[in-house]
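Enquirer: Here's a structure for you.
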Amino acid sequence: MGFFEKLKSKMTEQTDAVTEKFKEGLTKTRDSFAEQMNELFAQYRTVDEEFFEELEEILIGADAGVSTVMELIDELKEEAKRRNIKDSKNIAPLITEILAEKLDKSGQDTALNIQEKDMTVILFVGVNGVGKTTTIGKMAHSFKQEGKTVVMAAGDTFRAGAIEQLDVWGDRVGVDVVKQQAGSDPAAVMYDAIQSARSKGADVLLCDTAGRLQNKVNLMKELEKVKRVISREIPDAPHEVLLVLDATTGQNAMSQAKTFQEATEVTGIALTKLDGTAKGGIVLAVRNELDIPVKLVGLGEGIDDMQPFEAEQFVYGLFKELVEEQEKENLN
Amino acid sequence: MAFEGLAERLQATFDKMKGRGKVSEADVKEMMREVRLALLEADVNFKVVKKFVNRVKERAVGQEVMKSLTPGQQVIKVVNEELTELMGGEQSKIAAAQKAPTVVMLAGLQGAGKTTTVAKVANYLRKHHNRKPLLAAADVYRPAAIDQLETLGKQLNMPVFSLGDQTSPVDIAKGAVEQAKEEHCDYVLIDTAGRLHIDEELMGELQEVKEAVQPDEILLVVDAMTGQDAVNVAESFHEQLGVTGAILTKLDGDTRGGAALSVREVTGVPIKFAGVGEKIAELDVFHPERMASRILGMGDMLSLIEKAQTNVDDERAKQLEKKMRSADLTFDDFLEQLEQVRNMGPLDELLQMMPGANKKAMKNIQVDESQIGRVEAIVRSMTKHEKENPSIMNASRKRRIAKGSGTTIQDVNRLLKQFEDMKKMMKQMTGGQKGKKKGKGGMQLPFMQ
Ligand SMILES: Nc1nc2c(ncn2[C@@H]2O[C@H](COP(=O)(O)OP(=O)(O)OP(=O)(O)O)[C@@H](O)[C@H]2O)c(=O)[nH]1
Ligand SMILES: Nc1nc2c(ncn2[C@@H]2O[C@H](COP(=O)(O)OP(=O)(O)OP(=O)(O)O)[C@@H](O)[C@H]2O)c(=O)[nH]1
Ligand SMILES: [Mg+2]
Ligand SMILES: [Mg+2]
């Protein structure tokens, strides 16, 4: 089965609301990206240097990052040569294939590490305003819908209104929030939350933390301490450390991923705000350079606006029109 | 991270050119490639980069660079000039209406920093202009947005106008202006909900607010870490609202902040302020020329010195500045600096204000605040002679110092190393690298000779 057929069958297997939602959220992303791709293919008949330069620009325009893009272009050039592709139309599937492969590098598991027998503890980390608290709210909702008992820990004791914000989500979703006063030690909140969640027999504990810029050494140390306290109480916890990245962020997201990974051994990424026009191309760079899998995507501010990340879906979303065009041509 | 400043990038190009004496058109092309990459890595939008590079190239090919004996300096000079021009002059004035209250509305994407910035601007207006602001809670969507603003209002001891989250933002804005009139507040700062520029309904709502209260100032709040999309966001907000200025937040991070350039290029409005921390006082006047060198990775020495100045008395600040420039720091200065730095915030944060200022050297001098006491003890155990001549330190001296300060020899060694690194870095930042001793006047770029 060719790549597109595989992609297609995968898509038709999943013609449920999930896929629709994902596609809907990605409409903007896809439109502009595919538009550019189409323009590109209309403009250039043959795959030449100029063509690759243009392609490079499109990918850089998607925040994929200069070095990743260069690498990708080199790969493409080589593959195109190897497969003797000269017509720019025929290179579209190759681009798609290589992108998807990069996102699903070494077939890493993009599913969450959920404990079957014990309580699952998930720690959320990231810079200011990326969507940590909101993602926790959405996740609490999704776990609850699976019938799980969820507790949220208000570990952001610093930002004005942070505890209240999580409280609102707690009410909205109908789950308990463990909190202390503003200004208290976040590690102490985590300790409390673990005891409390345990006594409630919770299945999942979602830990919010204050946003912090990765270059603040003291704040990163504080975060290490928070994680240490969790691990001390439950040896293999946190079971996931999710770094929340804002799709609107440019190259700094790489530095964020790097530093947070060093401090807290990030296990996955939640990529938020993909419902905007930002293309989230940084996912490619992060995957390529740091090998951290994207596990979730945020597609809005609502309680349901979150989906598990699917590399093929993601790429399909970006190139939907191209893929369809290709199919039509194949039929003729 | 492949995150070098333009100076380092170009240096490599020149090393290759060395000995050829003359700059060819191909060389210029290669230089422009480096300029392009440096700007792209700094998150300047690629279309903006293209235009920019073309402008620089024109000047480079015609005369200035190719005929110069120091093409490197020339390229940087041209780039810097073009960039500074694009960034515009310093314009961090907030409008003042003929008749109070002046209405200021803040808008932007989700999480950009609007609510925090409302509090910061309010604080600024009171502190520097003796104004009496009223904060208006017109974000009725985000969970606890009103609580957040009210908490900030309490911290500031300033009134916050709110009608809960069941009233329309238009009515809230109108109500706030009314109340400001009654209570003789001279500014109304309207916090609005974060929204996507493509969200027609919510953008329409902002237009209605604008219609209803006719703000004197509409400020677009932009996260400094924004990537390529900054162009779309700024363009779209500007088109739909006619913004009068921008505020760049989270500049205390280590992002290059190329978004600043994109925002300027597509809106033409001035960037008025920079958010440099989470705390209410952490708002800076925006300095275009510093932003230009930050984007190019040239460090931000001037900001650092200014930060020192606001916290340290003038005389001492001048001395500090001089010492930093000349890099003949002694341990006494180091100690004094530590004390001053304590009043300013963590030293590593200060150092981080110098993006691109040799990250490697910087890593070793990150000072953990809890360690400052120990560092102090070590320095205090040194003799006057040792403090002034760190190079005479030998094993027996170190042993004595360790004992005297209740630390270990490793601690002493680490401090000496940090001190040397710091001196080295300052030398590099202040242009001492290439043998030039004291950079008089303007800042010397590491690259210039
Ligand atoms: N459009 C959109 N907005 C989002 C998404 N996720 C979060 N947001 C919004 O982004 C803003 C910031 O979200 P928060 O959850 O408060 O972010 P945070 O990381 O917890 O912020 P701090 O705790 O202040 O660091 C809010 O207005 C959210 O509604 C998303 O996927 N799409
Ligand atoms: N480090 C740093 N953090 C900042 C700065 N400005 C704002 N923040 C943080 O960024 C996060 C988001 O700030 P908010 O003021 O809630 O942003 P907002 O635009 O009002 O968010 P929404 O109302 O959800 O759209 C918070 O954690 C703030 O503390 C800044 O200049 N530096
Ligand atoms: Mg939060
Ligand atoms: Mg807000």
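The values are calculated or read from the model by the stated rules, or taken from the named source; none is laboratory data. Quick caveat, the model's predicted, so the values are computed rather than measured. We place every Cβ from the backbone using ideal geometry, glycine too, and count neighbours over all the protein chains shown. Surface areas here come from the heavy atoms of the whole protein model, side chains and all, with no ligands, DNA or RNA. Shrake-Rupley method; radii C 1.70, N 1.55, O 1.52, S 1.80 Å.
Enquirer: Output the Cα-based Rg and Dmax of region B:102-298 in Å, rounding Rg to one decimal and Dmax to a whole number.
Expert: For region B:102-298, the Cα-based Rg and Dmax read 15.8, 50 Å.
Enquirer: Follow-up. FRET efficiency for B:Q166 and B:V285, Cβ-Cβ distance as r, R0 = 41 Å, nearest 0.05? Mind dumping the intermediate values first?
Expert: Details: r = 38 Å, r/R0 = 0.94.
In this case the efficiency is close to 0.60.
Enquirer: Something else: Mind listing, in residue-number order, the residues in region A:237-253 that have at least 10 Å² less accessible area with every protein chain present than in their own chain alone (1.4 Å probe)?
Expert: A:T248, A:T249, A:G250, A:Q251, A:N252
Enquirer: Using the Karplus equation 6.51 cos²θ - 1.76 cosθ + 1.60 (θ = phi - 60°), what ³J(HN,Hα) coupling, rounded to whole Hz, does each residue of region B:32-46 give in order, writing x for Gly and Pro?
Expert: Working through the residues one at a time gives 5, 5, 5, 4, 4, 5, 4, 6, 5, 5, 8, 6, 6, 4, 5 Hz.
Enquirer: Express the accessible area of region B:102-298 per residue in Å², computed with a 1.4 Å probe while the remaining protein chains stay in the model. Write down the numbers at each step before the final one.
Expert: Numbers: 6360 Å² over 197 residues.
Ligands and nucleic acids excluded, the figure is 32 Å² per residue.
Enquirer: Return the loop-located chymotrypsin sites (Phe, Trp or Tyr not before Pro) in region B:150-240 (DSSP other than H, G, I, E, B) with at most 10 other Cβ atoms within 10 Å of their own Cβ; answer none if there are none. Don't jump to the answer; show the numbers that get you there.
Expert: Values: sites: B:F161, B:Y187, B:F237; in loops: none.
Here no chymotrypsin sites (Phe, Trp or Tyr not before Pro) fit, given the DSSP loop and packing criteria.
Enquirer: Which Rg and Dmax, in Å, describe the Cα atoms of region B:173-245?
Expert: Rg and Dmax of region B:173-245, Cα atoms, are 13.7, 45 Å.
Enquirer: Work out the FRET efficiency for B:T408 and A:A182 from their Cβ-Cβ distance, taking R0 = 56 Å, and round it to the nearest 0.05. Walk me through the intermediate numbers first.
Expert: On the way: r = 39 Å, r/R0 = 0.70.
Once rounded, the FRET efficiency stands at 0.90.
Enquirer: Also, quick follow-up: Sequence-distant or interchain residues sharing an amide H contact under 5 Å with B:D252, placed H: which?
Expert: B:G277
Enquirer: Determine, from the Cβ-Cβ distance of B:E81 and A:K77 and an R0 of 25 Å, the FRET efficiency 1/(1 + (r/R0)^6), rounded to the nearest 0.05. Write down the numbers at each step before the final one.
Expert: Numbers: r = 37 Å, r/R0 = 1.47.
It comes out at approximately 0.10.
Enquirer: Listed highest first by mean packing, meaning other Cβ atoms within 10 Å per residue, what order do B:128-135, A:135-142 come in? Let's see the in-between values first.
Expert: Details: B:128-135: 18.2, A:135-142: 24.2.
Sorting B:128-135, A:135-142 by mean packing, highest first, produces A:135-142, B:128-135.
Enquirer: Counting only Cα atoms, I'd like the Rg/Rh figure for region A:230-295, Kirkwood definition for Rh.
Expert: 1.03
Enquirer: In nm, to one decimal, how far is the modelled label at B:K181 from the one at B:K93, with both set 7 Å along Cα→Cβ?
Expert: Label at B:K181, label at B:K93, 2.7 nm between them.
Enquirer: Could I ask something else about it? Would you grab the residues whose amide H sits under 5 Å from the one on B:V140? Only those 5+ places off in sequence or on another chain, please, with H modelled 1.01 Å from N.
Expert: HN-HN under 5 Å from B:V140: B:A193.
Enquirer: Roughly how large is the B-A contact in terms of buried accessible area, totalled over both chains, probe 1.4 Å, nearest 100 Å²? Spell out each step's value before the answer.
Expert: On the way: alone 21170 and 15110 Å², together 32360 Å².
Approximately 3900 Å² gets buried when B meets A.
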